[in-house]
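Colleague: Attaching a single structure in structure tokens format; questions to follow.
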Amino acid sequence: KRQRFGESQLTGTQDKKVSTANRDSKDFRCLQEQREQLPIARGRESLMRSIALHDVTIILGETGSGKTTQVPQYLLEEGSYHGQIAVTQPRRVAATSLATRVSAEQGQPLGTLVGYSVRFDERVSPGTRIKYLTDGMLIREMMNDSLLTRYGIVIVDEAHERTLRTDIVLASLKQILARRNGRRDERTAKGKGKANPLKVIVMSATMDAEKFSNFFEKAPVLYVKGRQHPVSIFHTSTSQNDYLDAALRTFFQIHVDRPPGDVLVFLPGQDDIESLESSLRLYASQLPHGVSDVVICPLYASLPNAQQAKVFLPTPPSSRKCILATNIAETSITIPGVRYVIDTGKQKEKRHFARIAGSGFDTLLTTDITKSSAVQRSGRAGRDGHGYCFRLYTEDAFNSMAVSAEPEVQRSSLTSAFLQLKVIGQDLDAMPFMDRPDQESVGSALRTLWLLDAIDNSRHLTDFGRSLAMFPLEPQYAAILLASVNHSCTSEVISILALLSSSAPLFTDSSSQRDAANEARAKFRHPSGDHWAMLNVFRAYDEVRVTEGKSGYKGWCKRNFVNQRALREAGDIRTQLRGICDGMGIDCNLSCGNEEVPVLRSLLRGLLQQVAFLQPDGSYKQVMGPSVVKIHPSSFLADKRSPAIIYNELVYTTNIYARGVSAVYKSFISEFPKLTGIRVS
Ligand code: ADP
Ligand code: MG
């Protein structure tokens with residue numbers, strides 16, 4: 001089944017629908033030349049032939065060969081496929097950045113012919129033919145259109161990452177193929193949709209294609225050869241305790257000693273990126289004369305669109321770009337000009353603990369990367385010439401890394417996925433997954449949905465459950481939102497949920513000015529705890545924005561040690577949530593003013609599994625789990641003793657800490673028979 005690409009040279013892009021004036025510009029011609037130079041261009045014809053012949057095609061190709069940007073355009077330019085082309089991405093930055101690039105390559109404004117759709121943000125129009133979207137968004141779309149009829153082609157990109165959502169998409173596509181193309185399933189073949197067949201393309205950057213091919217009844221596998229130059233790899237001789245410090249020193253060694261070429265640093269997460277960015281800036285400003293400038297570009301999942309673009313701008317003369325990225329730059333986004341890679345060997349990984357907390361919870365842990373990631377990371381240095389990769393770990397450490405990551409379906413919370421599948425009439429247990437989910441997580445997800453009243457005793461989806469799934473929120477948060485309608489406090493609750501959904505922490509780190517920060521924070525304090533304090537911040541921010549305008553609120557955020565980005569992001573999310581509420585006929589202006597009880601009652605409705613009661617020794621015992629927790633020192637309630645608390649999350653360090661805490665009355669809990677029933681036992 002395997003075949004290599006032929007050598008057939010392509011002459012120009014065969015556009016059939018040339019339309020805009022934009023297309024005569026020099027920039028546009030330059031982009032077309034770049035397209036033709038990509039390794040994948042040589043294989044275009046054999047690719048198109050295979051796709052035309054088969055329902056499913058697997059494309060394997062080295063990062064940067066042109067899979068993600070070119071394959072959808074080739075298909076569009078064929079002119080023979082109907083419907084839209086979906087290209088799924090595990091991460092939102094990749095989806096938006098790729099859509100921007102491909103729009104430019106098509107010479108059309110973003111959101112017209114080429115668009116994107118990610119959680120809390122969308123740029124599409126009725127004429128959109130190529131849509132980059134997160135796999136989570138594609139699952140959402142299945143809730144309204146279970147056969148994905150609007151798409152003629154679905155491309156599942158970055159399949160090697162095996163995220164939970166990718167696995168759900170793959171399993172669903174297998175079923176949709178049977179129903180829309182019908183060949184294999186005689187019973188459902190008759191009639192329905194046969195006129196609208198579906199093509200599926202699975203793209204991956206690593207070599208384990210066999211598994212995908214077998215999953216789709218031995219689909220053909222095509223290989224795209226990349227343009228990879230050799231990379232010299234260096235390991236440290238001893239292990240490094242402080243990878244940020246090691247990265248900082250390594251960067252300046254490269255910068256001072258080595259010839260031009262940009263540097264890409266792989267870091268676990270946004271907080272590390274921000275902290276390294278500030279130390280780099282500090283040192284870069286003190287460089288002696290004659291050493292070139294440093295241009296620092298952060299790159300992580302929730303980075304605003306405008307800032308992403310910076311990574312792709314040409315490096316100014318006599319300066320060196322330093323890109324600080326999470327594993328998003330491993331395979332999803334290829335950045336030209338990189339000659340040096342610094343690899344901390346760390347990543348953030350979502351882990352689900354089904355057992356520890358009783359209710360089960362997800363947490364982001366900084367973990368060692370896998371061998372496969374390490375190899376991808378070093379490969380990023382060899383795109384434009386001989387490259388260098390500096391691994392901030394020993395060769396022994398490399399040798400003892402796991403070969404590749406465990407699929408996420410076996411290590412993350414399934415609650416939200418379970419609910420979404422219920423809405424599209426699927427049962428997680430019955431889905432044809434490539435790897436079976438962990439049974440403990442299945443049990444935990446079912447229990448949570450049952451407690452929320454999203455499913456009934458016989459596991460059937462309830463009307464309430466169906467409403468929960470309408471929101472791009474965890475079911476627990478959606479339940480809080482819907483409860484706020486009954487308690488007439490949607491306005492307050494939407495603000496709180498928007499802040500909880502924002503990817504950045506609300507208060508900025510202030511270890512150097514602890515006292516000033518504490519004093520500033522004290523202004524937002526509320527006796528009920530952290531949720532209302534968050535609301536106080538948001539309210540103050542809304543007010544300052546009106547009274548002082550854009551320039552004023554920046555200073556306000558700084559003075560108050562409040563993270564402006566968190567508020568900006570929360571503002572966008574709030575707008576989105578209001579839009580969804582409007583669509584459902586929910587009044588988002590219901591306000592409880594300054595009365596906290598309605599808000600606490602609403603919060604409790606979703607956080608039923610995150611309730612704990614005070615113990616005589618001042619710690620708190622979970623109502624629904626076995627653990628004893630303490631209140632995190634960052635909480636406004638850290639030094640208080642409240643008979644009962646609810647919390648957003650648990651953090652594991654030396655103790656189990658509850659973070660994002662509010663005090664509730666024990667009497668509220670009696671309103672929830674399921675909870676009290678369990679407590680008795
Ligand atoms: P693959 O999917 O095979 O890894 P891509 O199609 O993503 O490859 O990338 C092909 C080329 O397009 C790369 O050389 C990359 O540098 C370029 N590219 C992709 N996105 C952008 C962008 N937003 N801006 C500039 N160049 C981009
Ligand atoms: Mg790609």
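Colleague: Apply the Kirkwood formula to the chain: the hydrodynamic radius equals the inverse of the mean of 1/r over all pairs of different alpha-carbon atoms; give it in Å with one decimal.
Modeller: Details: mean 1/r = 0.0371 Å⁻¹.
That comes to 27.0 Å for the chain.
Colleague: Right, something else. Longest segment of the chain with no GluC sites (Glu not before Pro) in a DSSP loop having at most 14 other Cβ atoms within 10 Å? Present the calculation step by step, with values, prior to reporting the outcome.
Modeller: Values: sites that count: Glu7, Glu217, Glu595, Glu671.
So the longest stretch without any such site is 218-594.
Colleague: Read phi for every residue in the stretch 325-340 and hand back ³J(HN,Hα) as whole Hz from Karplus 6.51 cos²θ - 1.76 cosθ + 1.60, θ = phi - 60°, with x for Gly and Pro.
Modeller: Here the 3J(HN,Hα) series is 10, 7, 5, 4, 8, 5, 9, 5, 10, 9, 10, x, x, 7, 10, 10 Hz.
Colleague: Quick one: length gained pulling Lys310 to Arg29 fully straight, 0.36 nm per residue minus the C-alpha distance? If you can, show how the numbers build up before the last one.
Modeller: Numbers: separation 281, 0.36 × 281 = 101.16 nm, distance 2.18 nm.
Additional length available on full extension: 99.0 nm.
Colleague: Same structure again: By counting other Cβ atoms within 10 Å of each Cβ, how are Asp530, Asp293, Asp396, Asp262 ranked from fewest to most?
Modeller: Values: Asp530 28, Asp293 15, Asp396 9, Asp262 22.
Lowest count first: Asp396, Asp293, Asp262, Asp530.
Colleague: On a 18 Å Cα-Cα criterion, which of the cross-link pairs Lys321/Lys350; Lys67/Lys174; Lys131/Lys199; Lys174/Lys218 come out too long? Numbers along the way, then the final one.
Modeller: Numbers: Lys321/Lys350 30 Å; Lys67/Lys174 22 Å; Lys131/Lys199 15 Å; Lys174/Lys218 13 Å.
Beyond 18 Å: Lys321/Lys350; Lys67/Lys174.
Colleague: Right, next: Once you charge only the Cβ atoms, +1 for Lys and Arg and -1 for Asp and Glu, what is the size of the charge dipole of the chain about its Cα centre, to the nearest 20 debye? Present the calculation step by step, with values, prior to reporting the outcome.
Modeller: Working: 85 positive and 72 negative charges, 219 e Å.
That gives a dipole near 1060 debye.
Colleague: Please give me the summed charge of the neighbours of Tyr393: other residues whose Cβ is under 10 Å from its Cβ, Lys and Arg +1, Asp and Glu -1. Mind showing how you got there, number by number?
Modeller: On the way: positive: Lys346, Arg391; negative: Asp343, Asp368, Glu395, Asp396.
Residues close to Tyr393 contribute a combined charge of -2.
Colleague: Same structure again: Kindly identify the stretch 109-242 as rounded, prolate or oblate by the Cα gyration tensor criterion: order the square roots of the eigenvalues as a ≥ b ≥ c, call it rounded if a/c is under 1.5, otherwise compare a/b with b/c, prolate if a/b is larger, else oblate. If you can, show how the numbers build up before the last one.
Modeller: Working: a/c = 2.24, a/b = 1.55, b/c = 1.44.
The shape class here is prolate.
Colleague: Oh, and also: In whole Hz and in residue order, list the ³J(HN,Hα) couplings for the stretch 396-404 that follow from phi through the Karplus curve 6.51 cos²θ - 1.76 cosθ + 1.60, θ = phi - 60°; x for Gly and Pro.
Modeller: Values per residue, Gly and Pro as x: 4, 4, 4, 5, 9, 5, 5, 5, 8 Hz.
Colleague: Next question, about the same structure. For n ≥ 4 DSSP H runs only, could you compute -39500 (n - 2.57) per run for the chain, divide by its residues and tell me the 222 nm figure to the nearest 500? Walk me through the numbers on the way to the answer.
Modeller: Numbers: 25 runs with 272 residues, N = 681.
That calculation yields -12000 deg cm²/dmol at 222 nm.
Colleague: In addition: Choose one of Leu147, Leu170, Ala159: the residue whose Cα lies farthest towards the positive end of the charge dipole of the stretch 118-175 (beta-carbon charges +1 Lys, Arg; -1 Asp, Glu; about the Cα centre).
Modeller: Looking along the dipole axis, the top candidate is Leu147.
Colleague: Lys and Arg at +1, Asp and Glu at -1: add these up for the other residues within a Cβ distance under 11 Å of Asn589 and post the number. List each step's numbers first, then the result.
Modeller: Values: positive: Arg578; negative: Glu492, Asp582, Asp587.
Around Asn589, the charge tally is -2.
Colleague: For the stretch 241-333, what proportion of DSSP beta bridges, expressed in % and rounded to the nearest 5, is antiparallel?
Modeller: Values: 0 of 11 bridges.
Here the share of antiparallel DSSP bridges comes out near 0 percent.
Colleague: Next question, about the same structure. Taking K and R as +1 and D and E as -1, what net charge do the other residues with C-beta under 12 Å from the C-beta of Ala533 add up to?
Modeller: Working: positive: Arg521, Lys523, Arg525, Arg539; negative: Asp530, Glu596.
Its environment carries a net charge of +2.
Each reported figure results from applying straightforward, stated rules to the coordinates on display, with no laboratory input. Just so it is clear, the model here is predicted, and its values are computed rather than measured. Note that we place each Cβ from the backbone using ideal geometry, even for glycine, and neighbour counts take in every protein chain shown.
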